[in-house]
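Encoded as structure tokens, the structure appears first; notes follow it.
Every read-out reported here was derived from the displayed coordinates using simple, explicitly stated rules and does not represent laboratory data. All of these numbers come straight from a predicted model, not from anything done at the bench. Every residue, glycine as well, gets a Cβ built from its backbone with ideal geometry; the counts of neighbours run over all protein chains shown.
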Amino acid sequence: MTMIMAEPAARQEVDPAPAPVDEDVLVRQARHGDLEAYDELVRRYQERIYATVYHMTSNHEDANDLAQESFIKAFEALKTFKGGSSFYTWLYRIAVNKTINFLKQRKNRVHLSLNDLDFNAEHDPDLVALISDKTPRRDAGLAELQEKLNTALLKLSEPHRLVVVLHDVQGLSHDEIAKIMNCNIGTVRSRLFYARQQLQGYLSDYLKTA
Amino acid sequence: MNESQENFEALRQLLALKRHEVPPHGYFNDFSGQVIARIRAGGASPEAASRERLFDQVPWLLRILQIIEGKPVFVGSFATALCVLLLGGVVYSEYSEGSAGEPMTHMAQMINMAAPLAAASPMLPTATPAGAGLTTNFNPNLQPVASLFGEQSALAQPVSISIPGN
């Protein structure tokens, strides 16, 4: 009796959380219309997809709509997903294409609707050092810096902005970006270099060494 | 080069600020639920879905819209030129109608041009062989004719046209 009672408790200690379901299995189930499986896929990637769209648009409401529509379109197009790339890359491509199409239509109607900075921003050692040591405008608050940064990003063309967002903000590799953007790595590198140069020019006041 | 690299490093540090931009607290709690609800309800909003479907079927329409939105000055000047052309055409046509002389001269010319055909046709009214040119004989006695709409003022005037034979 004691053994029977003890066994589940011991198992709980060893294996407290259920093993995550393999992505391929979830994709297969979702393809057959299993919305619970797709819900799990959405939960896995919602933050990254939202973040990418948000950093491209600098507008929370637009990012919300586009991220949701990207997931909906992906679900509708799951039958065409052949598995040549990972689901993650394929989903990213849908979101990126949707966002770029949206931005082309929205051109000249830019409206910033920025998210708040989290508490950690004030304590980020890189940012603290950048603001207190290197920036001539030491009185520039984080909010002002955030707005300047977003405005500068919006001046870049969509492909250049996308490369910067995916690499410097989201930390994706050149190879992953090349797959998402359907171009070669050399193109990614050259776009990244050009975009950084452009940003450097736009943000020169905040990047000059003291 | 080193300076450039250093500046890029500073830029990367600055770009790290973007990572701290987060949506409202609890935003992602309901995100997947909203997506699933929209899928159950039939996908994207009807307007967005129909617009997207239209652009998928007619991709050149999207390109035209992009050009229009991207080059408003060009499109505006093109539209202005088109309007000027249209107005010019209207003014020119009115001017040419007004300055071309009497309307009867035009009609006479047209009838003269049609004379050979008229002579060849047995169905046309009697032609006066001796007539040189065109004569239009108006009957001074105007006869009221019952109009289809019952208007008493409608008058009909028989006209006899003499066309010289060959």
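Karplus-derived 3J(HN,Hα) values for region A:148-164, using 6.51 cos²θ - 1.76 cosθ + 1.60 with θ = phi - 60°, are 4, 5, 5, 4, 5, 4, 5, 7, 6, 5, 4, x, 5, 5, 4, 5, 5 Hz; glycine and proline are entered as x.
Counts of other chain beta carbons within 10 angstrom of each beta carbon in peptide A:43-55 average 3. Summarised in one figure, the compactness ratio Rg/Rh of region A:22-107, Cα atoms and Kirkwood Rh, is 0.98.
Taking amide H positions as modeled 1.01 Å from N, with prolines and chain starts lacking one, the residues under 5 Å from A:ASN59 and 5 or more places away or on another chain are A:SER113. Close amide H contacts of A:ASP116 (hydrogens built in the peptide plane, cut-off under 5 Å, sequence separation of 5 or more or a different chain): B:VAL22.
For region A:24-52, backbone nitrogen atoms closer than 19 Å to the point 7 Å from A:ASN120 Cα along Cα-to-C-beta are found at A:44-52. My understanding is that a pair violates if its Cα-Cα distance is over 21 Å; which of A:LYS82/A:LYS104; A:LYS98/A:LYS155; A:LYS73/A:LYS98; A:LYS98/A:LYS179; A:LYS104/A:LYS155 do that in this structure? Pairs exceeding 21 Å: A:LYS82/A:LYS104.
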